[in-house]
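The values are calculated or read from the model by the stated rules, or taken from the named source; none is laboratory data. In this text, all values refer to a predicted model and were calculated from it rather than measured experimentally. Neighbour counts are summed over all protein chains in view; Cβ atoms, including those assigned to glycine, are modelled from backbone coordinates with ideal geometry.
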Amino acid sequence: MSIVETPSRLFEEIATLFASEPSRQEILSFQPSDAVIQRASELLDLNREDRLNDDSRRELDQYEQAELLMRLVKARIRAEQGRNEEES
């Protein structure tokens, strides 16, 4: 049996960003909304208190995966910008 998960709000925001065909600068400037930051903070508090249920755990895992994805994308953009500056 396959479980279809609803994407976290952060994944939704990232999908919207990439669907808009952003420039590299727009990607580098991306910040989650205040609502996403607040929800992530709530989940982290619940985690510290060992009060996450299975759904909340999956949601927190998605936030962590989405954050990792954006860090990797931004790091690759910065690395390429650095290479381009060296070549100039």
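Residue count for the stretch 13-55 satisfying the condition of being free of Cβ contacts under 8 Å to residues at least 24 places away in the same chain and either surrounded by 15 or more Cβ atoms within 10 Å (Cβ to Cβ) or not polar (S, T, N, Q) (or both): 23. Residues of the stretch 66-88 that are within 16 Å of Pro32 (Cβ to Cβ) and surrounded by 13 or more Cβ atoms within 10 Å (Cβ to Cβ): Ala66, Glu67, Leu69, Met70, Val73, Lys74. Residues of the stretch 1-56 that are modelled with pLDDT of 95 or more and among the β-branched types (Val, Ile, Thr): Ile14, Thr16, Ile27, Val36, Ile37. Quick check: is even one residue across the stretch 40-61 closer than 29 Å to Gln81 by Cα and among the aliphatic types (A, V, I, L, M)? No, there is no match, as no residue in the stretch 40-61 is closer than 29 Å to Gln81 by Cα and among the aliphatic types (A, V, I, L, M).
Of note, Leu10 does not satisfy the criterion of being more than 23 Å from Arg78 (Cβ to Cβ) and surrounded by 14 or more Cβ atoms within 10 Å (Cβ to Cβ).
Per-residue answers, yes or no, for (1) among the hydrophobic types (A, V, I, L, M, F, W, C); (2) under 15 Å from the mean Cα position of the chain (by Cα):
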residue	(1), (2)
Arg9	no, yes
Glu13	no, yes
Ile77	yes, no
Gln81	no, no
Ser88	no, no
